[in-house]
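Since the structure comes first, as structure tokens, the remarks are kept for the end.
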Amino acid sequence: MVKVIVCGACGRMGRRIIDILSQDEETELVGAIEAKAHKALGTEVIPRVKVTDNLEKIIDRAEVVIDFTNPQVSLENLEIASKFNKAMVIGTTGHTEQEKKLVIEKAKTIPFLMAPNMSLGVNLLFKLVDSVARSLKGYDVEIIEAHHNRKKDAPSGTAAKLGETIAQALNLNLKEAGVYGRKGMVGPRKPQEIGMHAVRAGDIVGE
């Protein structure tokens, strides 16, 4: 049985992961981490597993750390996982390019997975989009994504990955081709622009 600690345990994704782990006979939740001063500290997420704010104190219980927190905290948690030689999964999004480089460097010594979206269907979409972008050149590319009103990063990690995938397929640099929203007299659309737009409203899971 694989023993797991979830960081960001009381967030939307954290709660969902804990529900899944609780129903899986091959995994066991052994720790739940939240931010200091979080209102859930000391409460049980499942029987006998209380929320704490100190990953290093309980990491010996686990084989795998799953992180859905924020970019800075995910780097701190990765540092701890690497120190104690624990496998880690990061589903947190919103990292800068420099932070992504730090993640890659810190993760060299441990089993590690990082993805902007853990859905099999979405990862298949990345491959399909790459193929379509290489085959159908000359079309305007606009990416519009929508999430709930509590999501902190924009565009979403999935939308950003789609943009990166399309840019690579078209031999473009997303930093140069990406246009994040438009306002005012911006002039005609440039042929190689990749438009990125984010909607935040209600309880939208992700579109």
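The values are calculated or read from the model by the stated rules, or taken from the named source; none is laboratory data. All values reported here derive from a predicted model rather than from experimental measurement. Cβ coordinates were reconstructed from backbone atoms using ideal geometry, including for glycine residues, and neighbour counts include every protein chain displayed.
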From Thr69, Thr52, Thr43, residue being hydroxyl-bearing (Ser, Thr, Tyr), closer than 24 Å to Gly157 by Cβ and either modelled with pLDDT of 95 or more or within 21 Å of the chain's Cα centre (by Cα) (or both): Thr69
Outside any loop (DSSP other than H, G, I, E, B), at pLDDT 95 or above and not β-branched (Val, Ile, Thr): which single residue out of Lys106, Lys127 fits that description? Lys127
3 or more residues under 20 Å from Ala81 (Cα atoms) and not acidic (Asp, Glu): qualifying strands (runs of 3 or more DSSP E) within region 14-56: 27-33, 49-52
Quick test for you: out of Asp153, Asp140, pick the one residue that is among the acidic types (Asp, Glu), out of contact with any helix residue (DSSP H, G or I) (no Cβ under 9 Å at 6 or more places or on another chain) and within 26 Å of Arg200 (Cα to Cα). Asp140
Among residues of region 42-90 being out of contact with any Leu (no Cβ under 9 Å at 6 or more places or on another chain) and basic (Lys, Arg), the residue surrounded by the fewest Cβ atoms within 10 Å (Cβ to Cβ) is Arg48
Check whether at least one residue in region 64-82 is of a type outside the set (Lys, Arg), without any contact (Cβ under 8 Å) to a residue 60 or more places away in the chain and more than 19 Å from Ala9 (Cα to Cα), and report yes or no. yes
Only residues that are in a loop (DSSP other than H, G, I, E, B) and in contact (Cβ under 8 Å) with a residue 60 or more places away in the chain: list them for region 1-13, please. Gly8
Which condition does Thr93 not pass, out of (1) at pLDDT below 95; (2) of a type outside the set (D, E, K, R); (3) in a helix (DSSP H, G or I), if it passes all the others? (3)
Quick count over region 133-146, residues being surrounded by 13 or more Cβ atoms within 10 Å (Cβ to Cβ) and either touching a residue at least 60 places away in the same chain (Cβ under 8 Å) or outside any strand (DSSP E or B) (or both), is 4
